[in-house]
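J.: Sharing a structure here in structure tokens format.
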Amino acid sequence: MENIYSIPVKFKEGTYGINELIVDDENALKLNYSDYGDIVTYDVPDIEDGGEVRLYGIPKDVLDLTLKAAYDTNGHLKTLTISRNGKEELLYIYYENEEDAQKEIEKFAHENANNILDKIGMCKDVVSRLFIEYFNDGEYMDFHVKIGTEAEKAALQKQYSEDEDIGDSCGDYPSEMICGDNDRLKVMVSCADNDEFDYFQRAVDIMVQLIEEKAPHILKKTDDFKLLCEEYD
């Protein structure tokens, strides 16, 4: 089953639920919902040849009950959000210009990196490797880190004793990936005009720099500790 939620791009300042909005179909953002995969899609307005944003795993009852549209002092639709598990999730954001987009995305990148650093700091084991990996194909965006402990590296060396480079591949370690808010990263980058500037790479550069600067100081490290960063495909 499919549903369409029409959200006016212009409305009076404030924050409103879906049932509080008066819709002008000629000037509306169309959220298309499909219950096959709980998928929400929309075309980004205000960008020439703006692409489609596709978000997965958003149940219809969450949209119906928690979807909020926020309008700025100029009456322009600023954000669309939902609430789930006590957390606000971003579905759409409007930027006034390139400078506004860069400012908002850079702010998010700093916050996201610090959240990841908090999770890294929870590791009390001795660490041999810290991996940073990222990916972007336009629809899926990912930034994460992974910890390789001294014990895990020793087990790999024992198993593959003839491989001199063992221990430098993220995929060989059984630990879980440590992520920030990749869904918000995707929305914020997708709603910016990426024809003019690579906002994803800007966010990645900031997060990598902060993690490279701070993570080694909050971990117990081996003498051969390495921090390895790469884009994967």
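The values are calculated or read from the model by the stated rules, or taken from the named source; none is laboratory data. Computed from a predicted model, the values in this text were never measured in an experiment. Positions of Cβ are backbone-derived with ideal geometry, glycine not excepted, and every protein chain shown enters the neighbour counts. Only protein heavy atoms, including side chains, enter the accessible area calculation; ligands, DNA and RNA are left aside. Shrake-Rupley method; radii C 1.70, N 1.55, O 1.52, S 1.80 Å.
J.: Kindly indicate whether any position in the stretch 148-158 is closer than 17 Å to residue 183 by Cβ, surrounded by 15 or more Cβ atoms within 10 Å (Cβ to Cβ) and free of Cβ contacts under 8 Å to residues at least 60 places away in the same chain.
T.: Checked against the condition, which is being closer than 17 Å to residue 183 by Cβ, surrounded by 15 or more Cβ atoms within 10 Å (Cβ to Cβ) and free of Cβ contacts under 8 Å to residues at least 60 places away in the same chain, the stretch 148-158 yields no hits at all.
J.: Hand me the list of strands (runs of 3 or more DSSP E) wholly inside the stretch 42-132 holding 2 or more residues that are at pLDDT 95 or above and among the β-branched types (Val, Ile, Thr).
T.: 77-84
J.: I would also like to ask the following. I need a count of the residues in the stretch 16-34 that are closer than 16 Å to residue 65 by Cα and exposed (fewer than 13 other Cβ atoms within 10 Å of the Cβ).
T.: Matching residues across the stretch 16-34 total 3.
J.: May I ask you to say which residue of 74, 97 is open to solvent by 60 Å² or more (accessible area, probe 1.4 Å) and within 19 Å of residue 185 (Cα to Cα)?
T.: One residue alone meets the criteria, 97.
J.: Further question: For the stretch 147-163, what are the residues that are out of contact with any Ser or Thr (no Cβ under 6 Å at 6 or more places or on another chain) and either under 29 Å from residue 56 (Cβ atoms) or assigned to a helix (DSSP H, G or I) (or both)?
T.: Residues satisfying the conditions are 151, 152, 154, 155, 156, 157, 158, 159.
J.: Within the stretch 164-217, work out how many residues are in a loop (DSSP other than H, G, I, E, B), of a type in the set (Asp, Glu) and either under 15 Å from residue 143 (Cα atoms) or open to solvent by 70 Å² or more (accessible area, probe 1.4 Å) (or both).
T.: Selection size over the stretch 164-217: 7.
J.: Residue 135: open to solvent by 20 Å² or more (accessible area, probe 1.4 Å), at pLDDT 95 or above and within 12 Å of the chain's Cα centre (by Cα), yes or no?
T.: yes
J.: Continuing with this model, one more query. Which number in (1) under 15 Å from residue 94 (Cα atoms); (2) touching a helix residue (DSSP H, G or I) at 6+ places or on another chain (Cβ under 8 Å) marks the one condition that residue 11 misses?
T.: Answer for residue 11: the failing condition is (2).
J.: Okay, moving on. Residues that are modelled with pLDDT of 95 or more and among the hydrophobic types (A, V, I, L, M, F, W, C): does the stretch 153-160 have at least one?
T.: No, every residue in the stretch 153-160 fails to be modelled with pLDDT of 95 or more and among the hydrophobic types (A, V, I, L, M, F, W, C).
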